[in-house]
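Enquirer: Below is one structure. I have some questions about it.
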Amino acid sequence: MRPECNTEQQLFYFNCLDNGAIYKFCRQLFHLIEEKVEKNQSIVILCIGSDRATGDCLGPIIGYKLEKLQYKNLAIYGTLSKPVHAKNLEDTLRMIEARHSNAFVIAIDASLGKDKHVGYVTLGEGSLKPGIGVDKELPQVGDICITGIVNVTGYLNHMLLQTTRLDTVMQLADFICIGLRYVLRQQNYTPVAITSSR
């Protein structure tokens, strides 16, 4: 459950309770997307996690909050009604490849970290390694990775997921959603009716 961004690039940390952090997050996310996404390239936002554990529901909550976004060349996968988790991640990746060939994938998941970083969002260029904290071998995914640090890492990580405060998860989800909505608008996406996997 302690997914880490598999990147040799710098990993940026943002305290979601810091009033100035959302501006810095938006600026960095905008820079990464502007630099890496080609013209007319599809963007897939892949929100990983399960709705069955408070600490692991960050991804599905973000997917739920974003699933009604209607932009050309944008698709959202992983919501509260149709979560993407360890059991269906590989099938979902195959479906994304079939539906959105050569898409730019923004992977989002919850993570565990140091006590001083609980409540922080991380952003980096590179793939996400979901399941690492609970010893699961899952495919790496994403061109950009975003994580929300929901609790401390340690022994019995499964138990930590069950005792994570929902307030922390919601604060992280709101922060990430505000950033994504703002950056997508700034990228001049044209609102259209699209089909999203929910």
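The values are calculated or read from the model by the stated rules, or taken from the named source; none is laboratory data. Keep in mind it's a predicted model, so treat the numbers as computed, not measured. For neighbour counting, all protein chains shown are included, and Cβ atoms are generated from backbone atoms with ideal geometry for every residue, glycine included.
Enquirer: Considering (1) in contact with a helix residue (DSSP H, G or I) (Cβ under 9 Å, 6 or more places away or on another chain); (2) outside any strand (DSSP E or B); (3) not β-branched (Val, Ile, Thr), say which one Asp109 fails and leave the rest.
Expert: Looking at each condition in turn, Asp109 falls short on (2).
Enquirer: Looking at region 69-91, which of the residues that are in contact (Cβ under 8 Å) with a residue 24 or more places away in the chain and among the polar types (S, T, N, Q) is surrounded by the most Cβ atoms within 10 Å (Cβ to Cβ)?
Expert: Thr79
Enquirer: Which of (1) in contact (Cβ under 8 Å) with a residue 12 or more places away in the chain; (2) within 15 Å of Pro139 (Cβ to Cβ) is the odd one out, the single condition Val118 does not satisfy?
Expert: Single failed check for Val118: (2).
Enquirer: Which of the numbered conditions does Arg27 fail, given that it passes all the others? Conditions: (1) under 15 Å from Gly148 (Cβ atoms); (2) surrounded by fewer than 18 Cβ atoms within 10 Å (Cβ to Cβ); (3) at pLDDT 95 or above.
Expert: The number of the failed condition is (1).
Enquirer: Does Leu32 fit the bill of being aliphatic (A, V, I, L, M), modelled with pLDDT under 95 and assigned to a loop (DSSP other than H, G, I, E, B)?
Expert: no
Enquirer: Next question. Would you check which residues across region 39-56 are in contact (Cβ under 8 Å) with a residue 40 or more places away in the chain and under 23 Å from Glu125 (Cα atoms) and list them?
Expert: Gln41, Ser42, Ile43, Val44, Ile45, Leu46, Cys47, Ile48, Gly49, Asp56
Enquirer: Then there's this: Does at least one position in region 92-111 carry a residue that is closer than 18 Å to Asp167 by Cβ and buried (at least 18 other Cβ atoms within 10 Å of the Cβ)?
Expert: Yes: one or more hits.
Enquirer: Another one. Taking the residues in region 135-161 that are in a helix (DSSP H, G or I) and buried (at least 17 other Cβ atoms within 10 Å of the Cβ) as candidates, determine which candidate is modelled with the lowest pLDDT.
Expert: In this case the residue turns out to be Asn157.
Enquirer: Any chance you could count how many residues in region 41-55 are assigned to a loop (DSSP other than H, G, I, E, B) and either touching a helix residue (DSSP H, G or I) at 6+ places or on another chain (Cβ under 9 Å) or among the polar types (S, T, N, Q) (or both)?
Expert: 6
Enquirer: Now a separate question. If we keep just the residues of region 162-198 that are at pLDDT below 70 and surrounded by 13 or more Cβ atoms within 10 Å (Cβ to Cβ), which is farthest from Arg99 (Cα to Cα)?
Expert: In this case the residue turns out to be Tyr189.
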